[in-house]
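Before any comments, here is the structure.
Derivation of every value follows stated rules applied to the coordinates shown; laboratory data play no part. Just so you know, these numbers come straight off a predicted model, no measurement behind them. Backbone-built Cβ (ideal geometry, glycine too); neighbour counts: all protein chains shown.
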Amino acid sequence: MGYFDDLTLHSGAVLPACTAYLDRRFPGTWSLEYLHAGRMEMAIDGGPVITLDQPAAFWHLPERRYRYGACDRRGWDHHWLMLTGPRAARLIGELQRVHPAGWAAVADPTAFQARMRVAIELVRRGDPVRHPEAVAAVEDLVARLVCAPRAGGRIAAVMTLAERMRQDPARPWPLSTEAATLGLSEVHLRRLFRQMTGLSPVGWCLAARMQAAVRALADGATITVAAAAAGYADPPQFSRMFRRRYGASPRRWRSVLPLARG
């Protein structure tokens with residue numbers, strides 16, 4: 001195997017007004033994707049929905065489920081590359097390690113878009129002689145994103161905090177303590193958190209708790225078990241919060257789930 005042969009670039013495209021809606025996994029495949037303009041909503045593994053409305057890259061990992069789509073009929077300016085192979089796992093895995101929220105703001109959109117289009121064009125040509133050039137273009141894109149937190153470490157730190165909260169939303173998260181750890185005032189932390197996620201810290205945790213309950217109910221859990229999965233010791237309190245968010249009780253939501261699936 002040659003040096004560049006551990007990364008296969010399968011496909012790529014530029015969609016200037018993408019209005020697609022996806023809700024799926026991408027088994028055995030990684031991707032690098034870019035929103036250059038417009039707005040889209042995205043959620044990962046049933047977590048809270050965030051809105052991307054600035055130039056941003058996002059990506060797919062094979063083991064996770066992604067749901068996203070346009071916020072309006074104008075769609076978003078979408079660029080994407082589909083990758084497989086050990087190098088794809090390393091590159092996209094490093095992106096996920098540095099940006100655990102699953103996306104990253106792009107500091108220089110014009111340069112990033114130009115480089116992304118070069119990579120896509122090389123992939124679409126499918127010229128084996130130019131394969132090393134295509135691999136180098138992808139590595140350059142990833143390097144730009146991995147190095148970005150050095151210039152915006154606070155944003156990366158806030159997104160890391162958001163991911164920790166998503167994974168354990170029921171535990172106490174005293175913002176004064178978290179802000180002090182990040183070297184921010186509590187007001188500044190709240191502002192950055194809302195800017196990067198679209199939600200307040202409390203709203204983010206509540207959404208994550210309800211998503212944990214939804215996953216449990218979808219798997220056939222009882223109301224009590226679903227309440228515990230969401231971090232509620234009191235099932236009636238959980239039911240009130242669930243109804244407030246989804247407009248139906250957990251029992252009613254679970255009863256219509258088979259119809260929705262069918």
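Simple spin-label model, 7 Å along Cα-to-Cβ: residue 23 to residue 200 in nm?
2.9
Please label the shape of segment 8-150 as rounded, prolate or oblate, based on the square roots a ≥ b ≥ c of the eigenvalues of the alpha-carbon gyration tensor (a/c under 1.5 means rounded; beyond that, a/b larger than b/c means prolate, else oblate).
Rounded, since a/c falls under 1.5.
Taking amide H atoms as placed 1.01 Å from N in the peptide plane, list the residues 5 or more away in sequence, or in a different chain, whose amide H sits under 5 Å from that of residue 31.
Those qualifying (amide H under 5 Å, at least 5 residues apart or on another chain) are 60, 83.
What ³J(HN,Hα) values, in whole Hz, does the Karplus curve 6.51 cos²θ - 1.76 cosθ + 1.60 give for segment 84-94 when θ = phi - 60°, with x put for Gly and Pro?
With the stated coefficients, segment 84-94 comes to 9, x, x, 5, 4, 4, 5, 5, 6, x, 5 Hz.
Considering only 235, 143, 162, whose Cα is most displaced toward the positive end of the charge dipole of the chain, charges sitting on Cβ of Lys, Arg (+1) and Asp, Glu (-1)?
Working it through, the farthest residue towards the positive pole turns out to be 235.
Taking R0 as 41 Å, what FRET efficiency do you get between residue 140 and residue 222 from their Cβ-Cβ distance, rounded to the nearest 0.05?
The formula returns an efficiency of 0.20 here.
Got a sec to turn the phi values of segment 128-139 into Karplus ³J(HN,Hα) couplings, 6.51 cos²θ - 1.76 cosθ + 1.60 with θ = phi - 60°, whole Hz, x for Gly and Pro?
x, 5, 9, 4, x, 5, 5, 4, 4, 5, 5, 4
Once the dipole of segment 75-153 is set up with Lys and Arg at +1 and Asp and Glu at -1 on Cβ about the Cα centre, which of 83, 107, 120 lies farthest towards its positive end?
Among 83, 107, 120, the one farthest towards the positive end of the dipole of segment 75-153 is 83.
What are the ³J(HN,Hα) values, in whole Hz, obtained from phi via the Karplus relation 6.51 cos²θ - 1.76 cosθ + 1.60 with θ = phi - 60°, for each residue of segment 38-45 in sequence order, with x given for Gly and Pro?
Per residue, the Karplus-derived 3J(HN,Hα) values read x, 9, 9, 9, 8, 9, 10, 6 Hz.
From the residues 222, 185, 30, which one has its Cα farthest along the dipole of the chain in the positive direction, the dipole being from +1 and -1 charges on Cβ of Lys/Arg and Asp/Glu about the Cα centre?
Looking along the dipole axis, the top candidate is 222.
Could you give the dipole magnitude of segment 203-261 about its Cα centre, charging the beta-carbon of Lys and Arg +1 and that of Asp and Glu -1, in debye to the nearest 20?
Dipole of segment 203-261, to the nearest 20 debye: 220 debye.
Counting Lys and Arg as +1 and Asp and Glu as -1, each charge on the Cβ, what is the dipole of the chain about the Cα centre in debye, to the nearest 20?
Values: 35 positive and 23 negative charges, 226 e Å.
Here the chain has a charge dipole of around 1080 debye.
Scan around residue 107 for amide H atoms under 5 Å from its own, H built in the peptide plane at 1.01 Å from N, and keep only partners 5 or more places away or cross-chain.
Under 5 Å from the amide H of residue 107: no residue qualifies.
Treating the beta-carbon of each Lys and Arg as +1 and of each Asp and Glu as -1, no other charges, what is the dipole magnitude of segment 8-150 about its Cα centre, to the nearest 20 debye?
Computed about the Cα centre, the dipole is about 160 debye.
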